[in-house]
């Protein structure tokens with residue numbers, strides 16, 4: 001009964017309210033900043049990739065720009081791409097991918113604003129450099145009582161949404177992928193993931209930054225290479241997949257002959273929901289990583305943040321979606337989540353394909369766990385400011401990772417959608433209220 005109630009709330013949130021709010025905020029910032037995601041796209045790529053060779057020392061309390069980017073991408077490129085794309089295609093048809101693209105395009109301007117505000121309002125908390133929506137909500141809203149209430153609501157929501165439930169999604173997908181390829185008890189996998197995660201968590205920001213800046217580039221290159229190999233092997237199927245994405249975005253019944261039984265509303269609902277869960281623009285999560293980057297101007301990190309959304313959605317998620325549509329039956333053929341993604345690789349590469357995606361998901365999913373833990377930890381410090389509270393939070397996260405391997409996929413995804421929805425509201429309120437500040441910062445940067 002509770003699960004059905006949450007599903008109904010999600011249907012309202014993601015079918016109407018959040019689509020309007022996210023799209024509206026993205027449109028508003030796109031025009032306010034004069035299509036900054038288009039005008040400054042080349043500079044965004046240059047700053048993002050150029051950061052890899054900067055070689056600057058971040059210090060104990062912060063990260064350099066490239067480390068902040070890889071930590072953000074670590075959070076973005078996880079099951080939202082590999083498993084979430086499959087879930088969106090099964091639930092909303094191929095057209096859901098088109099709405100993921102739309103969400104990402106406008107989301108690039110939204111995340112620019114988030115990163116700029118995170119840079120402006122970052123602060124040192126007990127020797128640790130921290131920042132994010134809770135900080136800019138509290139400091140940027142003139143009515144201090146309202147600001148504190150909204151900031152606290154956001155902090156509690158993100159701790160549950162990403163630190164607990166979100167990391168359960170990652171752990172569940174990792175366990176299912178490894179089980180499918182190596183026939184290992186999911187519970188054992190959960191224990192191993194929890195132990196490895198605990199070791200990284202213990203090292204703090206420095207350990208997280210070091211981990212993500214090494215793992216993310218290597219795994220990204222490997223995944224992109226493997227995906228392109230399969231897509232070119234089945235070029236006719238790849239071309240047809242592109243056609244279905246555009247056709248099913250507006251007329252899913254006609255495009256598939258009614259085989260899927262999905263509507264435009266479902267395509268939009270699951271496309272936007274899974275798109276947000278993937279690139280996190282407007283959600284208020286990745287600003288925690290961008291806040292602690294050491295850059296000359298807040299807009300420098302805003303441009304870097306834009307590249308993260310582009311890479312996550314238009315590169316990794318698009319490749320995954322094309323693979324699934326081109327190499328598996330419409331509707332998933334009885335598979336859902338990461339199992340469907342595995343089938344797309346197996347169809348082309350045999351058992352080696354299943355192993356490849358299991359390994360890729362392990363590293364991408366584990367990286368997301370690391371990133372989301374850090375985002376939650378920043379809000380624990382915002383609320384309580386104590387190491388004891390952080391230690392309790394860490395223990396709960398590790399327990400959630402293990403427990404998640406024993407729960408069914410649909411339950412976890414619905415919970416994730418629900419709590420993701422809650423954390424969005426206070427963040428979008430702050431983004432609208434402080435839009436003039438973002439505009440002024442960009443004007444100052446472009447002088």
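Structure notes:
- Note on residue 35 and residue 246: with the Förster distance fixed at 25 Å, the Cβ-Cβ geometry gives a FRET efficiency of about 0.65.
- Hypothetical label at residue 383: residues of the range 134-153 whose amide nitrogen lies under 12 Å (7 Å Cα-Cβ projection): 151-153
- GNM remark for the chain: springs join alpha carbons under 10 Å apart, and the peak mean-square fluctuation among 223, 16, 136 falls on 16.
- Highest-fluctuation residue, 219, 108, 423 considered, GNM on the chain with Cα pairs under 10 Å: 219
- With both labels modelled 7 Å from their Cα along Cα-to-Cβ, the residue 352 to residue 199 distance reads 2.9 nm.
- Taking the C-alpha atoms only, the angle from helix 144-158 to the longest principal axis of the chain is near 30 degrees.
- Adding -39500 (n - 2.57) for every DSSP H run of four residues or longer, then dividing by how many residues the chain holds, sets the calculated 222 nm ellipticity at -24500 deg cm²/dmol.
- Seen against the Cα atoms of the chain and their longest principal axis, helix 298-310 is set at about 10 degrees.
- Nearest-0.05 FRET efficiency for residue 445 and residue 4, computed from C-beta distance (R0 60 Å): 0.80
- Taking 7 Å steps out from each Cα toward its Cβ at residue 124 and residue 207 produces label points 2.3 nm apart.
- Value of relative contact order over the range 2-435, rounded to a whole percent, pairs C-alpha under 8 Å and six or more apart: 37 percent
- The range 295-447 shape via C-alpha gyration tensor axes, a/c threshold 1.5: oblate
- Computed from the alpha carbon atoms alone, the convex hull of the chain holds 129 Å³ per residue.
- Rounded, prolate or oblate (a/c below 1.5 giving rounded, otherwise prolate when a/b exceeds b/c) for the range 120-179 by Cα gyration tensor: prolate
- The overall shape of the range 105-154, judged from the alpha-carbon gyration tensor, is oblate: a/c is not under 1.5, and a/b is no greater than b/c.
- The range 155-190 and the range 344-407 have Cα centres lying 6 Å from one another.
- Relative to the longest principal axis of the Cα atoms of the chain, the long axis of helix 235-250 makes an angle of roughly 70 degrees.
- Between 197, 115, 74, the GNM of the chain built on Cα springs shorter than 10 angstrom shows 197 fluctuating the most.
- Footprinting exposure proxy for 248, 400 (fewest neighbouring C-beta atoms within 10 Å first): 400, 248
Computed from the coordinates by the stated procedures, all read-outs in this text should not be read as laboratory data. Values in this document were obtained by computation on a predicted structure and should not be read as measured data. Heads up, the Cβs are rebuilt from the backbone with ideal geometry, glycines too, and the neighbour counts pull from every protein chain shown.
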